[in-house]
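First comes the structure, then the notes that go with it.
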Amino acid sequence: MSVLRRVKTIAELVKFEHTVLNLPFAYLGAFLAADGWPTGRQLFWITVALAGARTAAMAMNRLFDAEIDRKTPRTAGRHIPAGLVSRREVWGYVVVALAALLLAAANLHPLALKLFPLAVATFTVYPFTKRFTWLCHVWLGLSVSWGAFGAYIAVRGAVEPEIFILVAIITLWNTGFDIIYGTQDMEADRVNGVYSIPARFGLAPALRIARAVHLAVVLLVGLLGLEIGLLPLDLTGAQPMILPPAAWSPAMWLYLAAWALVAALLHYEHSIISPEDMSRVDAAFFNVNGYLSVAFSLCAVTALLLR
């Protein structure tokens, strides 16, 4: 098999196209840290770091879950259970991806380099959480949030309250849609001893939990806007608490639109699935969340630049 064909196979194994769900938030973290434009060099190495981290994390997830995938009807055809790639080959790509992440961290900030082991440990542990806790969805969200957190550290070299709010948004956003995605394997997970919220509580309660988690995301997006001064509120008492629309800046209008868009997309995501009809779960998982990640991050970054 040609080298290009092998690379394509590995890209399919790690679902490289799903990077669109995470990379925009990493860029948002960088712009938030810079309070404006990060340098081109910083954005380049942040991109390398995110690609390396996600590739390594997904590849290890596929390696550690290969036996579970083999026993689950939906995933039995994945690359490792189906014999399309060897474990040794996938481990080779893990090493290359981790090397890329390490190189990127070394070219960004000393603190980013120091946090490298903790980031790797977080996403390495994730596959094993499914063996003992139905809170594995939250751990997945926390692992994904390292993209934005690492980008912020890489640019600012320190942490501020705003990044912890963004981390909470990303963690809970991923938690919610991973619960939805996990409903597909609910029965198989029970048979195979895999822990998940759908397997533990059932389909309808799991969807309600996901909805509640995503409601918290909407509230946190508002809190982030308040923290970074992009909501038309004045808590100092010097002006009316809610500023009149005439006093709203373009940045405020844009962030309010982004906030409304997040609420609308998450509402739509939950409106197209139900315990009676889960046929559109893939659209809820990838399409809607891809739109949300790109649109919110783009609007929020533009609002930051206009602030």
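The values are calculated or read from the model by the stated rules, or taken from the named source; none is laboratory data. All values reported here derive from a predicted model rather than from experimental measurement. Methodologically, a virtual Cβ is constructed for each residue, glycine included, from the backbone with ideal geometry; neighbour enumeration extends over all protein chains shown.
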Qualifying residue in the stretch 2-14 (condition: part of a loop (DSSP other than H, G, I, E, B), modelled with pLDDT under 90, of a type in the set (A, V, I, L, M, F, W, C) and surrounded by 15 or more Cβ atoms within 10 Å (Cβ to Cβ)): yes
Tally of residues being surrounded by 16 or more Cβ atoms within 10 Å (Cβ to Cβ) and either among the charged types (D, E, K, R) or assigned to a helix (DSSP H, G or I) (or both) across the stretch 262-289: 12
Residue match in the stretch 92-103 (condition: surrounded by 13 or more Cβ atoms within 10 Å (Cβ to Cβ), out of contact with any Ser or Thr (no Cβ under 9 Å at 6 or more places or on another chain) and over 24 Å from GLU12 (Cβ atoms)): yes
Unmet requirement for LEU223, which otherwise passes all of (1) hydrophobic (A, V, I, L, M, F, W, C); (2) under 27 Å from LEU256 (Cα atoms); (3) touching an Asp or Glu at 6+ places or on another chain (Cβ under 8 Å): (3)
Filtered residues of the stretch 15-61 (kept if within 24 Å of VAL85 (Cβ to Cβ), among the basic types (Lys, Arg) and not in a loop (DSSP other than H, G, I, E, B)): ARG54
Filter result (among the β-branched types (Val, Ile, Thr) and not in a loop (DSSP other than H, G, I, E, B)) within the stretch 69-122: VAL90, VAL94, VAL95, VAL96, VAL120, THR122
Residue among ALA246, ALA204, ALA238, ALA199 that alone is surrounded by fewer than 16 Cβ atoms within 10 Å (Cβ to Cβ), of a type outside the set (Ser, Thr, Tyr), at pLDDT 95 or above and farther than 18 Å from ILE170 by Cα: ALA204
Output for the stretch 123-155, where each listed residue is surrounded by fewer than 20 Cβ atoms within 10 Å (Cβ to Cβ), polar (S, T, N, Q) and assigned to a helix (DSSP H, G or I): THR124, THR129
